[in-house]
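**Q** Attaching a single structure in structure tokens format; questions to follow.
The values are calculated or read from the model by the stated rules, or taken from the named source; none is laboratory data. These numbers were taken from a predicted model, which means no experiment stands behind them. Positions of Cβ are generated from backbone atoms using ideal geometry, with glycine treated the same way; all protein chains shown enter the neighbour counts.
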Amino acid sequence: MPKKRVLFVCIHNSARSQMAEELLRKLGGERFDVESAGLEPGKLNPLAVEILREKGIDITGKKTQKVFDLFTEGRRYHYVITVCDEASAERCPIFPGAVKKLHWSFPDPSTLTGSHQEKLTKIRTVRNTIEHTIRKWLTTNP
């Protein structure tokens, strides 16, 4: 059976989409070919790097990608899943082919405030919510 291709999209491809990509890669195993990209790619959020390391995932030095570059390259996906707010998700291009577009809104880690430990606690909650959502989605997409 061919792998299902999944693209996670958020605004900067710095935290939410990166976490979703890596968590699906870990939880979904060989069943999925997964990528992530941003509408306006920025720099990888160091909190996301730190919080994924707790799960045994190292994304140190990983580059962010622009969703429109993937679109113009003609990449095709079975699922395009936006993980930002709904208004931003509507800016995502429509990819050709048999695509199911899903929207999972998660809080933006770039807006977190507080001490380093307080931010880690908050982004850990976002990561855990993403992981829970992926686990639930996997039960209907074996």
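**Q** Give the residue, chosen from Leu44, Leu102, that is out of contact with any Phe, Trp or Tyr (no Cβ under 7 Å at 6 or more places or on another chain) and not β-branched (Val, Ile, Thr).
**A** Leu44
**Q** Pull up the range 98-142, narrow it to residues that are among the small types (Gly, Ala, Ser) and either assigned to a helix (DSSP H, G or I) or touching a His at 6+ places or on another chain (Cβ under 8 Å) (or both), then point me to the one that is surrounded by the fewest Cβ atoms within 10 Å (Cβ to Cβ).
**A** Within the range 98-142, the match that is surrounded by the fewest Cβ atoms within 10 Å (Cβ to Cβ) is Ala98.
Here's the yes/no breakdown for (1) of a type outside the set (Lys, Arg); (2) over 12 Å from Ser17 (Cβ atoms); (3) touching a helix residue (DSSP H, G or I) at 6+ places or on another chain (Cβ under 9 Å):
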residue: Ile57; (1), (2), (3): yes, yes, yes
residue: Ser88; (1), (2), (3): yes, no, no
residue: Pro109; (1), (2), (3): yes, no, yes
residue: Thr113; (1), (2), (3): yes, yes, yes
residue: Leu120; (1), (2), (3): yes, yes, yes
residue: Arg127; (1), (2), (3): no, yes, yes
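**Q** Another one. What pairs come out if I take residues in the range 61-76 that are under 18 Å from Asp33 (Cβ atoms) and exposed (fewer than 13 other Cβ atoms within 10 Å of the Cβ) and pair them with residues that are of a type in the set (A, V, I, L, M) and at pLDDT 90 or above whose C-beta lies under 8 Å away, six or more apart or interchain?
**A** From the range 61-76, the pairs are Lys63/Leu44; Asp69/Ala37.
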